[in-house]
Amino acid sequence: MDEGERQLLKSLLVERRLLALGVVVDDAPYVGQVPFALAPGGGALLIHVSRLAKHSRGLAPGAPWSGLLQLGDDGTGDPFQLPRLTLEGRVAVPERGGERHAAARAAYLARLPSGAMTFQLGDFTLYELAVAKGRLVAGFGSTFNIGPDHLRLLGEREAGSSESV
């Protein structure tokens, strides 16, 4: 992966705010769109969603998930060249009141401050979408396998480290 592709990965994970989230609900696939933030340390994505939303029924601890991030499609150019990142992993729920929950909440609100009021609502839960693997499509014929270490390095860089992704 060259510097341009590393920057693309960063753009998708740090500059995009919406994740197309796929889960299994009632033995069937279901996709919703949710705001997300990169977790502290970068090994997971954070979402804060209502139990009233259908996709929440597929977010039990340990449940599988898959997500898609993509650059915007303005209707011009070749759609096969549209950069995108597909991720998959397992769901975790940090315990309310614990250090992990506090750190995740702070990271989520730093990225999405307008979500602060949802932390006052009892039906919302903060989830960690731990990343097991993924696939970056930088363009037609330009693809890369992504692992949790790629996200961790990105998280470290965002926190001030100078390592490469």
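The values are calculated or read from the model by the stated rules, or taken from the named source; none is laboratory data. Predicted, not measured: the structure shown is a model, and the values here were computed from it. Using ideal geometry, Cβ is built from the backbone for each residue, glycine included, and neighbour counts are taken over all protein chains shown.
From the list GLY62, GLY22, GLY67, the one residue that fits, being closer than 14 Å to GLU88 by Cα, modelled with pLDDT of 95 or more and outside any strand (DSSP E or B), is GLY62.
Residue pairs whose Cβ atoms lie under 6 Å apart, separated by 6 or more positions or on different chains, with the first residue in region 8-29 and closer than 18 Å to PRO61 by Cα and the second of a type in the set (Ser, Thr, Tyr), are GLY22/SER66; VAL23/TYR30. Only residues that are part of a strand (DSSP E or B) and either closer than 25 Å to GLN120 by Cβ or among the polar types (S, T, N, Q) (or both) were counted across region 25-59, and they come to 13. Between ARG152, ARG105, ARG157, ARG111, the distinction of being closer than 21 Å to LYS10 by Cβ, among the basic types (Lys, Arg) and at pLDDT 90 or above belongs to ARG111 only.
Could we say that GLY72 is of a type in the set (Gly, Ala, Ser), assigned to a loop (DSSP other than H, G, I, E, B), out of contact with any Phe, Trp or Tyr (no Cβ under 6 Å at 6 or more places or on another chain) and buried (at least 16 other Cβ atoms within 10 Å of the Cβ) here? When the stated conditions are applied, GLY72 does not pass them. A single entry from ALA92, ALA28, ALA116, ALA106 fulfils the requirement of being crowded, with 16+ Cβ neighbours inside 10 Å and of a type in the set (A, V, I, L, M): ALA92. In region 10-25, of all residues being touching a helix residue (DSSP H, G or I) at 6+ places or on another chain (Cβ under 7 Å) and surrounded by 19 or more Cβ atoms within 10 Å (Cβ to Cβ), the one that is farthest from ARG152 (Cα to Cα) corresponds to VAL23. Taking residues in region 53-82 that are within 22 Å of VAL131 (Cβ to Cβ), and partners anywhere that are of a type in the set (S, T, N, Q), the pairs with Cβ atoms closer than 7 Å and at least 6 places apart or on different chains are SER56/SER50; SER66/THR86; LEU68/THR86; LEU82/GLN70.
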